[in-house]
Amino acid sequence: MPTIMDIRAREVFDSRADITLEVEVVLDSGKRGRSIIPTGCSKGKHEAIEVRDNDPRRFSGQGVLRAIDIVHTVIKPRLRGMSPYAQDEIDRMLIALDGTANKSRLGANAILGVSLAVANAAAVHSNQSLCDYVSRGQAKSMPQPIFSMLSGGMHGDGNCDFQDYQVIALNAAHLEAALQVGKNVHMALKALLMARGIGTGVSGTGGFLPPLSSNEQGLALLLEAIGKAGYEPGVDVGLSMDIAAEMFFKDGRYHLAAEGRTLTTTAFIDYLASLCERYPIVLMEDPLGEDDFEGWIALTRRLGGQIELVGDDLFTTNLARFEQGIALKMANSILVKPNQVGTLSETMSLVASAKAAGYGVVFSRRSDETEDTSIADLAVALNATKVKFGSLARTEAMGKYNQLLRLQDAIADAQAV
Ligand code: PGA
Ligand code: ZN
């Protein structure tokens, strides 16, 4: 039986060249597993807390020397000698060692860094992909990708209020076909933006950043790009959005700066419903504020039978928040970001309850991502219905799509035997 011999943490860079935490677990066999922890710029209030140095003299306060010290002096002594296969026990120990409801003592970055590196080390030791290790070789299907196309809100530069405009291939026979659809729409959109001379620079998630005269204009642009790429909107390709409404929900009102108007929850729901009537929208993430429960209940009643309503800031990958959401019939799908909760085991139990409740399961990157592709393995292993890895741009996103392609090959090989 292998045992954990050493745990090494270090500072590395993420996709925005900000500092983040890497953890490496070394087994007595010499085998190693690693993880790099992403972070976001539009965090939900209820997500687990990461430990940062907040020392303005180093990397604008983003340094993680404190988290590194926690891994080396608090976590490592407890885990040394344990089996890397004891994931549940290790995660329970990490949760107990932290002792807070939001992981603020040890930090969700230190905790998830260790939790995921342990799983990766166990997978390497067994000569398996993380996907095979976590699913015990049972993974069978590929999630449907959500491709980011236009960025706004906190991911944009003041160009509009909504955070992310996306497309989803609706009838792709397999992953490669879905990627082809995403790529074609992305190219058509770029050509459209170039022809209009409105800029083809991209955001941290790879979406284009054109100035928009209204939030609706983002949908209109995508519709045009889908047509130009030769697809039929609503048949071949659906529209989707991460509205990230919490970011413009203040004092009980939705403040649409791009349109110079402020709406009550009821009026904003009417507005969202009218968008759904006029555009082939198949999914909306965080259409309302994270604590606007009455709004969520009303919106789910109104649109839940028609489109996928995904809770990201609403649930923050937190089981207690999610169970409350199920009981109140809020949303019909959940966004899963392991670093919002902090351990692999908690991520797995959340997915299990989402499946039991009949909710969609969307595994998602953060906006400050890394080259770590574990999320692709976890999405396939845990039978996610969709994945949100960003645009068809930049290696931190493409690496995750590439990992899906590898996993698809491995599943086909296993089924051929
Ligand atoms: P993030 O959020 O910028 O905090 O990663 C992305 C999202 O809202 O899905
Ligand atoms: Zn979101």
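The values are calculated or read from the model by the stated rules, or taken from the named source; none is laboratory data. Keep in mind it's a predicted model, so treat the numbers as computed, not measured. Neighbour counts run over all protein chains shown; Cβ positions are idealised from the backbone, glycine included.
See the values below:
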{"read-out": "Residue count for region 60-88, restricted to those that are part of a helix (DSSP H, G or I) and touching a residue at least 60 places away in the same chain (Cβ under 8 Å)", "value": "7"}
{"read-out": "Criterion: assigned to a loop (DSSP other than H, G, I, E, B) and either within 25 Å of the chain's Cα centre (by Cα) or not basic (Lys, Arg) (or both) - qualifying residue of Gly227, Gly182, Gly218, Gly204", "value": "Gly204"}
{"read-out": "Among residues of region 362-377, those that are touching an Asp or Glu at 6+ places or on another chain (Cβ under 8 Å) and either within 16 Å of ligand 2 (Cβ to nearest atom) or part of a helix (DSSP H, G or I) (or both), counted", "value": "5"}
{"read-out": "Lone qualifier among Ala357, Ala331 - being at pLDDT 95 or above and either among the hydroxyl-bearing types (Ser, Thr, Tyr) or surrounded by fewer than 23 Cβ atoms within 10 Å (Cβ to Cβ) (or both)", "value": "Ala357"}
{"read-out": "Qualifying residue in region 149-169 (condition: out of contact with any His (no Cβ under 7 Å at 6 or more places or on another chain), over 28 Å from Tyr254 (Cα atoms), away from ligand 2 (no atom under 16 Å from the Cβ) and in a strand (DSSP E or B))", "value": "yes"}
{"read-out": "All positions within region 220-252 that are closer than 24 Å to Leu335 by Cβ and basic (Lys, Arg)", "value": "Lys250"}
{"read-out": "Complete set of residues in region 8-49 that are of a type in the set (Asp, Glu) and closer than 17 Å to Ser374 by Cα", "value": "Asp14, Glu22, Glu24"}
{"read-out": "Condition met for Val387 (under 12 Å from the mean Cα position of the chain (by Cα) and either within 16 Å of ligand 1 (Cβ to nearest atom) or crowded, with 24+ Cβ neighbours inside 10 Å (or both))", "value": "yes"}
{"read-out": "Qualifying positions in region 238-285 - assigned to a strand (DSSP E or B), within 20 Å of the chain's Cα centre (by Cα), within 16 Å of ligand 1 (Cβ to nearest atom) and not charged (D, E, K, R)", "value": "Ser240, Met241, Leu283, Met284"}
{"read-out": "Count - residues of region 44-53 that are surrounded by 20 or more Cβ atoms within 10 Å (Cβ to Cβ) and at pLDDT 95 or above", "value": "5"}
{"read-out": "Selection from region 308-349 of residues that are of a type in the set (D, E, K, R) and either farther than 24 Å from Ala122 by Cβ or within 14 Å of ligand 1 (Cβ to nearest atom) (or both)", "value": "Glu308, Asp312, Asp313, Arg321, Glu323, Lys329, Lys337"}
{"read-out": "Selection status of Ile37, crowded, with 18+ Cβ neighbours inside 10 Å, under 30 Å from Pro287 (Cβ atoms) and within 25 Å of the chain's Cα centre (by Cα)", "value": "yes"}
{"read-out": "Candidates Leu405, Leu392, Leu378, filtered to the one that is aliphatic (A, V, I, L, M), touching a strand residue (DSSP E or B) at 6+ places or on another chain (Cβ under 7 Å), touching a residue at least 60 places away in the same chain (Cβ under 8 Å) and surrounded by fewer than 23 Cβ atoms within 10 Å (Cβ to Cβ)", "value": "Leu392"}
{"read-out": "Flag if Gly304 is under 26 Å from Glu50 (Cβ atoms), more than 16 Å from ligand 1 (Cβ to nearest atom), surrounded by fewer than 22 Cβ atoms within 10 Å (Cβ to Cβ) and not hydrophobic (A, V, I, L, M, F, W, C)", "value": "no"}
{"read-out": "Evaluation of Cys41 against (1) at pLDDT 95 or above; (2) part of a loop (DSSP other than H, G, I, E, B); (3) of a type in the set (A, V, I, L, M, F, W, C) (one fails), failing number", "value": "(1)"}
{"read-out": "Residue check for Ser60: of a type in the set (Gly, Ala, Ser) and touching a Ser or Thr at 6+ places or on another chain (Cβ under 9 Å)", "value": "no"}
{"read-out": "Failed item, numbered, when Ile198 is tested on (1) part of a loop (DSSP other than H, G, I, E, B); (2) surrounded by 15 or more Cβ atoms within 10 Å (Cβ to Cβ); (3) in contact (Cβ under 8 Å) with a residue 24 or more places away in the chain", "value": "(3)"}
{"read-out": "Single unsatisfied condition, Arg302 versus (1) under 18 Å from Lys45 (Cα atoms); (2) touching a helix residue (DSSP H, G or I) at 6+ places or on another chain (Cβ under 9 Å)", "value": "(1)"}
{"read-out": "Selection count where residues are among the hydroxyl-bearing types (Ser, Thr, Tyr) and not in a strand (DSSP E or B), scope region 13-32", "value": "2"}
{"read-out": "Selection status of Ser35, part of a strand (DSSP E or B), touching a residue at least 24 places away in the same chain (Cβ under 8 Å) and within 20 Å of Pro338 (Cβ to Cβ)", "value": "yes"}
